[in-house]
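The structure appears right after this line, and notes come after that.
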Amino acid sequence: MSNLTTILAQSTPHGLKVRVPALQLLLGGQPDEKPELARLASPVFHVDQDDPPLLLIHGDQDPQAPINQSHELQGRYEAVGRPCELIIAHDSKHGGAEFFDAKRMAILRAFLQKQLDKKLP
């Protein structure tokens, strides 16, 4: 979850079933009842030029975490000029072996190598 102020509107029925009680525990209410606390607890509102490069891999069929949460975080990274790559795992849900297959591991290695190459002389 990167933006608690938008996540409920983006959630599937399954997501709402687990998220509404979790947000109640975290915030002591729902985001519309506690907007300042929801913003404070949302990573998307804290991205700045000092943040590390970010690689996001998100399943486009994820019933747990709305894919728009990753799009929002990527957009914020881009807005402040920080490196961020979003890889969509097509026909994938929330986690699973396909997130650790040879294809995704190659993406991860390439991302890390690119970041290391920027740092090394």
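What follows is calculated from the coordinates using simple rules that are stated; it is not laboratory data. This one's a predicted model, so the numbers in the text were calculated from it and none came from an experiment. No Cβ is skipped: glycine too gets one built from the backbone with ideal geometry, and neighbour counts run over all protein chains shown.
Placing R0 at 22 angstrom, the Cβ-Cβ distance between ALA9 and LYS93 gives a FRET efficiency of 0.60 after rounding to 0.05. Lysine pair count for the chain with Cα-Cα distance under 21 Å and sequence separation of 8 or more or different chains is 4.
Computed over the Cα atoms of the chain, pair by distinct pair, the Kirkwood hydrodynamic radius stands at 15.7 angstrom. Whole-Hz Karplus values for the range 71-88 come out as 4, 5, 5, 4, x, 5, 4, 4, 5, 9, x, 9, x, 8, 10, 10, 9, 8 Hz, taken residue by residue from phi with 6.51 cos²θ - 1.76 cosθ + 1.60 and θ = phi - 60°; glycine and proline positions read x. Using the Cβ of LEU86 as centre and a radius below 14 Å, the other residues enclosed give a net charge of -2, where K and R count +1 and D and E count -1.
For the chain, the residue among VAL44, PHE111, HIS14 whose Cα projects farthest onto the positive side of the dipole built from Cβ charges is PHE111. Here the range 50-121 is described by how far its Cα atoms reach on the three principal axes: 41, 29, 13 Å, from widest to narrowest. Here ARG39 and LYS119 are evaluated by their C-beta separation; at R0 = 22 Å the FRET efficiency comes out at 0.10. Distance between the 7 Å Cα→Cβ label points at LEU112 and GLN61: 2.9 nm.
The mean sequence separation of alpha-carbon pairs under 8 Å and at least six residues apart, normalised by the residue count of the chain, gives a relative contact order of 26 percent. Cα centroid separation, the range 7-54 to the range 71-121: 22 Å. Taking Cα pairs under 8 Å and at least six residues apart, what relative contact order does the range 1-46 come out at, in percent? Relative contact order of the range 1-46: 52 percent. For ALA89, nonlocal amide neighbours, meaning residues 5 or more places apart or on other chains whose placed amide H falls under 5 Å from its own, are HIS58, GLY59, ASP60.
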